[in-house]
Amino acid sequence: MSRSEAVTIDYVESLLTHAEQKGYDVNSLLKSIGLSRADIEGREDFPAEQFGQLYQRMMWLVQDESFGMLSGGRMPNGTFRMMCFSVITCTTLGEAIRRCGQFYEICKGPTVKPHIDIEGSSAVFRYVALSSMPADTVKRLVSDETPGLIRSTLSIWHHFMSWMVGYRLPLEKVAFTFASQPNLNDYQNLFQCPLEFNAPENCLVFPAAQLEMPMMQTAETLRSFLRTAPYQLMVMVNGDRSVSAQVRGLIGQDFSRSPPTIIEAARALNMSSRTLRRQLEREDTTYQALKDQSRFAAAQEYLNYPGISVQEVASMLGFTEPSAFVRAFRKWSGMTPASYRQSHRADAAR
């Protein structure tokens, strides 16, 4: 989770456009997190950390956690947290997604819910109407929404499912009801799979076998996840298609649990561990080096949140003792976590 991670600027523009359509003062919203229109204009991407802050501020302002996503209604603040608590005891990804749908059924506000269907060897994630709503609810809802909002919705759910299983969920296809967009490269970098436009529905398609993957998160890792939400659901993957980049995606951003072993990573990439080691050697790195780099990047990101203490960051990164974290961080950066945090705050104030 390095600070270099970013979302495409279209994410920001889509959210602000949606806010303007709802009658909110966008200039005041930007000012509340220390930004102005000039900070956005002419940019190609936007720091994921700042976008997370912007999104959090918007949800607090409108008191609607579904703002900027498909839902068909308002979802009071705290809804996402309660949904997470309801799924954290599930044993598999498929069970967790089904429980999300059940949660939407009893949650006041939305008119549509996430749903999974098995079609041959593939699982299809789509939105369907709540049981109390007309069958054409999704079609009517989608017709009134922008491509950016639909894209964001599918991306957020993809990242959420990936977080649940502890690695980037491989996609076979993503389909959209709208036409191909000018920023097609952003879509390709975001989903990293074949894209279909002018499709009958909006959906994510992935191997059905993934539904049986075990839920890797616990109540403890959920607390870490919620402390920095929605950052991990918004972060934009870059366009690097190297094996190293794929491994970093599998290692993920949550180190309060053990990252996958090289054998597990190789299996997820459909290769042997020997082949994976050889591929990484060609890219002048090792599996251990990638784990260290990912943990360092995560440490930097968590330290950027002033409400999280150094001791809490150490725990979130899987260190049993804060002193061990301090030693590791000094080895990675040449400074202590406290010095890094102080330096970051000074840079932000300039």
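The values are calculated or read from the model by the stated rules, or taken from the named source; none is laboratory data. What you are looking at is a predicted structure, and each value in this text was computed from that prediction instead of being measured. No Cβ is skipped: glycine too gets one built from the backbone with ideal geometry, and neighbour counts run over all protein chains shown. Protein only, heavy atoms only, side chains kept; ligands, DNA and RNA dropped before computing areas. Shrake-Rupley method; radii C 1.70, N 1.55, O 1.52, S 1.80 Å.
If only residues of the stretch 109-131 that are of a type in the set (D, E, K, R) and touching a helix residue (DSSP H, G or I) at 6+ places or on another chain (Cβ under 9 Å) are counted, the one that is modelled with the lowest pLDDT is Lys113.
One residue alone among Pro182, Pro170, Pro200, Pro134 is more than 19 Å from the chain's Cα centre (by Cα), part of a loop (DSSP other than H, G, I, E, B) and more than 27 Å from Lys22 (Cα to Cα), and that residue is Pro200.
Restricting Leu54, Leu35 to those that are assigned to a helix (DSSP H, G or I) and open to solvent by less than 40 Å² (accessible area, probe 1.4 Å) reduces the list to Leu54. If you filter the stretch 279-299 down to residues that are farther than 16 Å from Ser258 by Cα and polar (S, T, N, Q), you find that the one that is surrounded by the most Cβ atoms within 10 Å (Cβ to Cβ) is Gln279. Taking the stretch 47-93 as the range and being closer than 16 Å to Ile33 by Cα, touching a strand residue (DSSP E or B) at 6+ places or on another chain (Cβ under 6 Å) and among the small types (Gly, Ala, Ser) as the test, only Ala48 passes. Evaluated against (1) part of a strand (DSSP E or B); (2) out of contact with any helix residue (DSSP H, G or I) (no Cβ under 8 Å at 6 or more places or on another chain); (3) in contact (Cβ under 8 Å) with a residue 40 or more places away in the chain, Thr153 falls short on exactly one condition, (1). Hey, can you tell me all the residues within the stretch 309-324 that are surrounded by fewer than 18 Cβ atoms within 10 Å (Cβ to Cβ) and in contact with a helix residue (DSSP H, G or I) (Cβ under 6 Å, 6 or more places away or on another chain)? Result: Gln311, Pro322.
For the stretch 152-187, the set of residues classified as hydrophobic (A, V, I, L, M, F, W, C), open to solvent by less than 20 Å² (accessible area, probe 1.4 Å) and over 20 Å from Ser294 (Cβ atoms) consists of Leu154, Ile156, Trp157, Val174, Ala175, Phe176, listed by residue number. Number of residues in the stretch 78-123 that are within 26 Å of Val62 (Cβ to Cβ) and aliphatic (A, V, I, L, M) equals 5.
So which residues in the stretch 190-213 are touching a residue at least 60 places away in the same chain (Cβ under 8 Å) and of a type in the set (S, T, N, Q), if there are any at all? Within the stretch 190-213, Asn202, Gln210 meet the criteria. Against the test of being surrounded by 19 or more Cβ atoms within 10 Å (Cβ to Cβ) and either at pLDDT 85 or above or of a type in the set (A, V, I, L, M) (or both), the options Ile251, Ile263 yield a single qualifying residue, Ile251.
Restricting the stretch 133-151 to residues that are surrounded by fewer than 12 Cβ atoms within 10 Å (Cβ to Cβ) and modelled with pLDDT of 90 or more leaves a set whose member that is farthest from Val174 (Cα to Cα) is Pro134.
When Asp45, Asp64, Asp25 are checked against the criterion of being over 30 Å from Gln300 (Cβ atoms), out of contact with any Pro (no Cβ under 7 Å at 6 or more places or on another chain) and surrounded by 14 or more Cβ atoms within 10 Å (Cβ to Cβ), a single residue qualifies: Asp64. The sole residue among Leu276, Leu195, Leu204 that is open to solvent by 20 Å² or more (accessible area, probe 1.4 Å), touching a Phe, Trp or Tyr at 6+ places or on another chain (Cβ under 9 Å), aliphatic (A, V, I, L, M) and at pLDDT 85 or above is Leu195.
Contact annotation: residue pairs with Cβ atoms under 6 Å, 6 or more positions apart or on different chains, pairing a residue in the stretch 96-124 that is touching a residue at least 60 places away in the same chain (Cβ under 8 Å) and hydroxyl-bearing (Ser, Thr, Tyr) with a partner that is surrounded by 16 or more Cβ atoms within 10 Å (Cβ to Cβ) and part of a helix (DSSP H, G or I), are Ser121/Ala208; Ser122/Ala208. The number of residues in the stretch 67-84 being of a type in the set (A, V, I, L, M), open to solvent by less than 70 Å² (accessible area, probe 1.4 Å) and assigned to a helix (DSSP H, G or I) comes to 1. Per the listing Arg227, Arg223, Arg241, the residue uniquely over 30 Å from Thr177 (Cβ atoms), open to solvent by 30 Å² or more (accessible area, probe 1.4 Å), under 19 Å from the mean Cα position of the chain (by Cα) and modelled with pLDDT under 75 is Arg227. Do we find that Gly101 is outside any strand (DSSP E or B), at positive phi and small (Gly, Ala, Ser) in this structure? No, not satisfied. Return the residue satisfying two criteria in turn: it lies in the stretch 325-350 and is open to solvent by 30 Å² or more (accessible area, probe 1.4 Å) and among the hydrophobic types (A, V, I, L, M, F, W, C), and of such residues it is modelled with the lowest pLDDT. Ranking the qualifying residues of the stretch 325-350, first place goes to Ala349.
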